[in-house]
Amino acid sequence: MKLNIDGCREFIKEKGIKNYVQLAEALDLEVEVIKLLEQGVRIGYDAVRDIYNKHGEKVVKKIIDFEEDSMDGFKAKYVLVGKTLY
């Protein structure tokens, strides 16, 4: 999985995010991690799970490129209780 740059730009615009610090805070990631993801470095399952739990499935589908995986495949790696992945 990696960051979907176009979807991320749309998320940034919708949320009124103005810089890397605000984006990092919104996604619960470090600024350095955001910059690496922007360069194409893959994002880990736990980081995606955290984004899912904070923002929901719709945002994850928008900002994450699952490549060969899918949302259902990703969610199958966790236990879903209500709308929270554990």
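Per-structure values
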item: So Ile5, is it among the β-branched types (Val, Ile, Thr), surrounded by 15 or more Cβ atoms within 10 Å (Cβ to Cβ) and either on the phi > 0 side of the Ramachandran plot or without any contact (Cβ under 8 Å) to a residue 40 or more places away in the chain (or both); result: no
item: Residues satisfying the stated conditions in the range 47-86, i.e. in a loop (DSSP other than H, G, I, E, B) and touching a residue at least 40 places away in the same chain (Cβ under 8 Å); result: Phe66, Glu67, Asp69
item: Scope the range 31-46; condition out of contact with any strand residue (DSSP E or B) (no Cβ under 6 Å at 6 or more places or on another chain), farther than 13 Å from Phe66 by Cα and assigned to a helix (DSSP H, G or I); matching residues; result: Val31, Glu32, Val33, Ile34, Lys35, Leu36, Glu38, Asp46
item: Counted residues, the range 8-30 - those being in a helix (DSSP H, G or I) and either in contact (Cβ under 8 Å) with a residue 40 or more places away in the chain or of a type outside the set (D, E, K, R) (or both); result: 11
item: Scan of the range 24-67 for residues that are over 25 Å from Tyr78 (Cα atoms) and in contact with a helix residue (DSSP H, G or I) (Cβ under 9 Å, 6 or more places away or on another chain), ordered by number; result: Val31, Glu32, Lys35, Glu38
item: Any hit, the range 16-24, residues being under 11 Å from the mean Cα position of the chain (by Cα) and at positive phi; result: no
item: Residues located in the range 39-82, provided they are over 28 Å from Tyr20 (Cβ atoms), open to solvent by 60 Å² or more (accessible area, probe 1.4 Å) and not hydrophobic (A, V, I, L, M, F, W, C); result: Glu68, Asp72, Lys77, Gly82
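The values are calculated or read from the model by the stated rules, or taken from the named source; none is laboratory data. Fair warning: this is a prediction, and the values are worked out from it, not measured in the lab. Note that we place each Cβ from the backbone using ideal geometry, even for glycine, and neighbour counts take in every protein chain shown. Note: accessible area is taken over every heavy atom of the protein model, side chains too, but ligands, DNA and RNA are not part of it. Shrake-Rupley method; radii C 1.70, N 1.55, O 1.52, S 1.80 Å.
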